[in-house]
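In what follows, a structure is listed as structure tokens, so that the remarks can point back to it.
The values are calculated or read from the model by the stated rules, or taken from the named source; none is laboratory data. Remember, it's a predicted structure, so these values are computed and weren't measured experimentally. Cβ: placed from backbone, ideal geometry, glycine included. Neighbour counts: every protein chain shown. Heads up: the accessible areas ignore ligands, DNA and RNA and are worked out on the full protein's heavy atoms, side chains in. Shrake-Rupley method; radii C 1.70, N 1.55, O 1.52, S 1.80 Å.
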Amino acid sequence: RMAIEARYGEAIAMIVVAAVLDAIDGRVARLLRSTSRFGAELDSLTDFVNFGVAPAILLYVWALDEVRSLGWIAALVFAICAALRLARFNVSIDNPNKPEWQANFFVGVPAPAGALLVLLPVYLEYLELPHGRFTAPVVAVYTIAIGLLMVSSLPTWSGKKFGARVSREVVLPLFVLVVVLAASLLSYPWHVLTAGAIVYLGVLPVGWRAWRKHEREDRLAASIGADSP
């Protein structure tokens with residue numbers, strides 16, 4: 001509704017809130033001992049709406065409609081990629097043969113991150129980057145590219161283990177850091193979101209290199225085990 005009414009800032013704020021809630025809902029469910037298969041499926045459905053449908057509609061009414069069918073195709077591709085990404089994630093949960101280190105990675109860009117990344121052109125316009133003649137075609141290509149990153153096999157750092165065990169010495173500095181980030185996001189939302197999206201895209205190769213390192217270590221351990229009597 002907010003996107004259709006051209007209230008893009010408020011629409012993006014709701015997507016950011018959805019991403020924050022998505023990051024903590026699993027932890028809250030485990031804390032309350034209320035996890036269930038039904039909850040997992042409902043979580044995926046809401047993720048598809050929040051991070052697949054909502055960003056696609058927002059981008060379409062913001063700029064993609066200027067290139068007509070191409071813009072609609074780009075929005076549709078992004079939404080479909082989000083659905084496929086979530087379906088693949090649900091299937092991978094049931095794989096009992098995964099090495100333990102793979103819990104630190106996602107395969108492909110996760111849907112919440114994809115939603116926040118694909119909105120980068122909107123952030124830039126709020127930072128007074130002009131909306132010109134070639135904005136819509138560039139945004140269409142960028143939207144499809146982010147969608148393909150979500151369904152790619154590129155390993156990305158998940159952060160699931162972060163915060164599982166925090167030593168007492170870093171609790172206070174971590175709390176201060178969270179407060180500073182929250183205050184910065186409220187005070188300078190477009191600067192923080194733009195910087196976050198650019199940094200995330202920049203560290204994607206780091207996650208890939210870490211994945212490859214673990215794979216090499218596994219192959220080395222397997223070869224040593226095969227050679228030992």
In the range 1-128, taking the dipole from +1 charges on Lys and Arg beta carbons and -1 charges on Asp and Glu beta carbons about the Cα centre, the listed residue (V122, V67, T35) farthest towards the positive end is T35
I'd like the carbon and sulfur percentage of the solvent accessible area for the chain, probe radius 1.4 Å, heavy atoms only, ligands and nucleic acids excluded. 68 percent
Listed by chain and number, the residues whose amide H is under 5 Å from that of F105, excluding neighbours fewer than 5 places away on the same chain and using placed H, are S158
Most packed first (mean Cβ within 10 Å per residue), the peptides 119-125, 206-212 order as 119-125, 206-212
Based on DSSP H assignment, which helices of the chain show an axial Cα extent of at least 30 Å together with a mean Kyte-Doolittle hydropathy greater than or equal to 1.6? 69-93
accessible surface per residue for the chain, probe 1.4 Å, DNA/RNA/ligands not counted, whole Å² -> 63 Å²
Calculate the dipole size of the chain relative to its Cα centre from +1 charges on Lys and Arg beta carbons and -1 charges on Asp and Glu beta carbons; express the result in debye to the nearest 20. 480 debye
